[in-house]
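Structure, as structure tokens:
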Amino acid sequence: MNMYISSGGTLCLNEPSKSGRYIKQPQKPPSKHSEKEIYINPLTDFGWKKLFGTQTTTKYLISLLNSILEGKEVITEITIKSAEIQGPGVKKRKAIYDILCVDQNGTYYQIEMQREKQNNYWDRLIYYQQTLGAELGIKGRDWDYDVVKIYTISFVDFNLRPEITARNIHQVGNCYFLDPMQVTEKNNIILVEIPKIRKPEHELKTMLDNWIFLLQNMKALEKIPAAFKGIKLFRDFFKASLIFNLTTEERMIYNDGLKAERDYNNLMNTKLQEGERIGEKKGEKKGERKGERNARKALIMSLLRNSGHTPEEIANFTNVNLQIVKQINKELQKVSTAEA
């Protein structure tokens, strides 16, 4: 059996017929459920920052934000800022965002991607916004509290408001209790529930529809869908998303992140099952909570030992308090010292 590339670029096979001549047969198309991913998953920590969080990819971020803001703000230029803000107080706890940027009018945008639910979700968003507002405030007695306008935009890969089925974007602001009048336009929180509303390709009508579709389906796509081929912005986005174009170092970071996520999910499922069995045996719910804690600790220990990531990066990736990660790191260092 021989192989050749046809003039159309198709890989073909030659099989001899009974007459001895070769018959051209096109190779079977790749499986629809190919295990090899073509494009970066934008919902991963690496993918989110690579595709939306660099100065060279601001055109994608601008388009995404404008589609969500729907004219409330019109962004034409954006500058990526340091995503680490020093908090107030003696200990100065740091707030680390996925992406922090400022537009041409001086409006700031805190943008994050959350893959898993966590406690005190809204309180954390408010804390981040207040920390940034305090950091950007003018120091000294002459400041009149004319704070900068801030949007905290949280993309979540789960349904935080399952009771609302017809809307996947929720805007939160400071309003009076008895009427919708907004007290200030300086503090804004927007929640985007990615998986809630799924539209097939032929029903995509707006830029927001397009972006939500890509966030939902990018990791499973094998080529550019027809609906996106006529838009240069999206052709460029698909090109920038090719795993093939990553450097060796970037591919290692991306694969490490995927492995850590798989390990985390596997550990969580295992420990939750163990916790449920323990809970059933003892007739209590404590086993499940213990399973979760053990799974998180095992993952953090594995990342600290093998990934090369800093405690701050691990805390951000796993949504675990930084102090807990540092405490586990201290425990590992003590064990290493004792073994030495």
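Scanning the range 126-149 for residues that are touching a residue at least 60 places away in the same chain (Cβ under 8 Å) and over 27 Å from Leu61 (Cβ atoms) returns no hits. Report yes if Gly106 is modelled with pLDDT of 90 or more, at positive phi, surrounded by fewer than 19 Cβ atoms within 10 Å (Cβ to Cβ) and in contact with a Lys or Arg (Cβ under 9 Å, 6 or more places away or on another chain), otherwise no. Yes; evaluated as a whole, the condition is true for this residue. Of the residues making up the range 236-247, those that are surrounded by 13 or more Cβ atoms within 10 Å (Cβ to Cβ) and either assigned to a helix (DSSP H, G or I) or among the polar types (S, T, N, Q) (or both) are Asp236, Phe237, Phe238, Ala240, Ser241, Ile243.
Is the range 122-134 home to any residue that is part of a strand (DSSP E or B), at pLDDT 85 or above and not acidic (Asp, Glu)?
no
Please find, within the range 198-208, the residue that is surrounded by the most Cβ atoms within 10 Å (Cβ to Cβ) out of those that are of a type outside the set (Lys, Arg) and farther than 19 Å from Leu65 by Cβ.
In the first step, residues of the range 198-208 are kept if they are of a type outside the set (Lys, Arg); the result is 200-204, 206-208.
Still in the list and also farther than 19 Å from Leu65 by Cβ: 200-203.
Values: Pro200: 8, Glu201: 13, His202: 9, Glu203: 10.
Looking at residues that are of a type outside the set (Lys, Arg) and farther than 19 Å from Leu65 by Cβ, I get Glu201.
Mind listing whichever residues of the range 130-185 are closer than 30 Å to Asn217 by Cβ, exposed (fewer than 14 other Cβ atoms within 10 Å of the Cβ) and of a type in the set (Phe, Trp, Tyr)? Once the filter is applied, which keeps residues that are closer than 30 Å to Asn217 by Cβ, exposed (fewer than 14 other Cβ atoms within 10 Å of the Cβ) and of a type in the set (Phe, Trp, Tyr), the range 130-185 yields only Phe158.
Is there a residue in the range 48-64 that is in contact with a Phe, Trp or Tyr (Cβ under 7 Å, 6 or more places away or on another chain), modelled with pLDDT of 75 or more and closer than 20 Å to Asn188 by Cα? Lay out the reasoning, then the answer.
First, the residues of the range 48-64 that are in contact with a Phe, Trp or Tyr (Cβ under 7 Å, 6 or more places away or on another chain): 51-52, 60-61, 64.
Remaining after also requiring modelled with pLDDT of 75 or more: 51-52, 60-61, 64.
From the residues that got through so far, the ones that are closer than 20 Å to Asn188 by Cα too are 61, 64.
There is at least one residue in the range 48-64 that is in contact with a Phe, Trp or Tyr (Cβ under 7 Å, 6 or more places away or on another chain), modelled with pLDDT of 75 or more and closer than 20 Å to Asn188 by Cα.
Search the range 68-90 for residues being within 20 Å of the chain's Cα centre (by Cα) and outside any loop (DSSP other than H, G, I, E, B), and hand back the single one that is modelled with the lowest pLDDT. Ranking the candidates gives Ile85 first. The set of residues in the range 117-170 being over 29 Å from Asp209 (Cα atoms) and of a type in the set (Ser, Thr, Tyr) consists of Tyr127, Thr131, Tyr145.
Conditions tested, residue by residue: (1) touching a residue at least 60 places away in the same chain (Cβ under 8 Å); (2) buried (at least 19 other Cβ atoms within 10 Å of the Cβ); (3) among the aliphatic types (A, V, I, L, M); (4) in contact with a helix residue (DSSP H, G or I) (Cβ under 9 Å, 6 or more places away or on another chain).
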{"site": "Phe46", "(1), (2), (3), (4)": "yes, yes, no, yes"}
{"site": "Lys49", "(1), (2), (3), (4)": "no, no, no, no"}
{"site": "Thr56", "(1), (2), (3), (4)": "no, no, no, yes"}
{"site": "Tyr60", "(1), (2), (3), (4)": "yes, yes, no, yes"}
{"site": "Ile68", "(1), (2), (3), (4)": "yes, yes, yes, yes"}
{"site": "Glu73", "(1), (2), (3), (4)": "yes, no, no, yes"}
{"site": "Thr79", "(1), (2), (3), (4)": "no, no, no, yes"}
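The values are calculated or read from the model by the stated rules, or taken from the named source; none is laboratory data. Since the model is a prediction, treat every value here as computed from it, not as a measurement. Glycine also receives a Cβ, built like all others from the backbone with ideal geometry; neighbour counts cover every protein chain displayed.
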